[in-house]
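> Before we start, here is the structure in question, set down as structure tokens.
The values are calculated or read from the model by the stated rules, or taken from the named source; none is laboratory data. Just so it is clear, the model here is predicted, and its values are computed rather than measured. All Cβ positions, even for glycine, are placed from backbone atoms using ideal geometry, and neighbour counts span all protein chains on display.
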């Protein structure tokens, strides 16, 4: 079954190359979509495809029951300085999958070389505090993107990892729509998920089944046993997620908190006040008066009505 899917994918890629050389419309894109739908229908006939339920009704409903575990899932950030958000969300997903899975398969993280220099590499003690098992976590940092793509494809084909995390930077030409389609079909045939971390990437056409936009959000205060909050403390990490692509056309944006102890996600209401009590002003209002000749902060625009000039 897996070999048949790979053979057909190579045939689609060959047709696409020929079409590009002849200057004709690319038929392989539609053919690949039919292949993916056919694989999904076959999986539904054998039994429902494996899914991961977040335990959040509105998110699970938007994902038609949960996150598919045999597909390409993309998590992107607008700026590279937010790499910790997408990385944290991917690690939280990996920890939740590792906790619920009966088999003790490891997690493979394939890092971007430049990204590792700027954002750092996973730390074993931190992984354990985050809910992962360091002894079941493998990290690879290939020098070239081509090597990283080969390693990710081989990892999916082997089926040895509960999930594979592939980190890339931006929107490289060597990883476009055709490559994302190939990885999605590979994940579908292998029955494993591939988490694509697109750090500082723009929204583009992709064969990913689901795409999240991850943005930073302030953590809540740490709760005490009596239910009150410990002022000035830092609680569990919070992710601001926007479901950019799914089969549900309705947009969805929410704040998810990751509880590493229970290894589960919780929805939280984001407060408008994100500073500690000691950092809040004693009196409401502007801290400084507007500058006399310099540039002031841009004001929020309201309703504009066109009038003729008085002079």
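> Exactly one of these conditions fails for residue 34: (1) farther than 21 Å from residue 159 by Cα; (2) at pLDDT 90 or above. Give me its number.
Just one mismatch for residue 34, condition (2).
> OK, next. Restricting the search to the stretch 106-133, which residues are assigned to a helix (DSSP H, G or I) and in contact with a helix residue (DSSP H, G or I) (Cβ under 7 Å, 6 or more places away or on another chain)?
115, 118, 119, 124, 127, 128
> Answer yes or no as to whether residue 219 is modelled with pLDDT of 95 or more and either outside the structural domain of residue 104 (by TED's automatic domain parsing) or closer than 20 Å to residue 79 by Cβ (or both).
So residue 219 does not fit the description; no.
> To continue, here is another question. What are the residues in the stretch 134-148 that are in a helix (DSSP H, G or I) and under 13 Å from residue 168 (Cα atoms), if any?
Selection gives 145, 146, 147, 148.
> Across the stretch 236-283, what is the total count of residues that are in a loop (DSSP other than H, G, I, E, B), exposed (fewer than 15 other Cβ atoms within 10 Å of the Cβ) and modelled with pLDDT of 90 or more?
2
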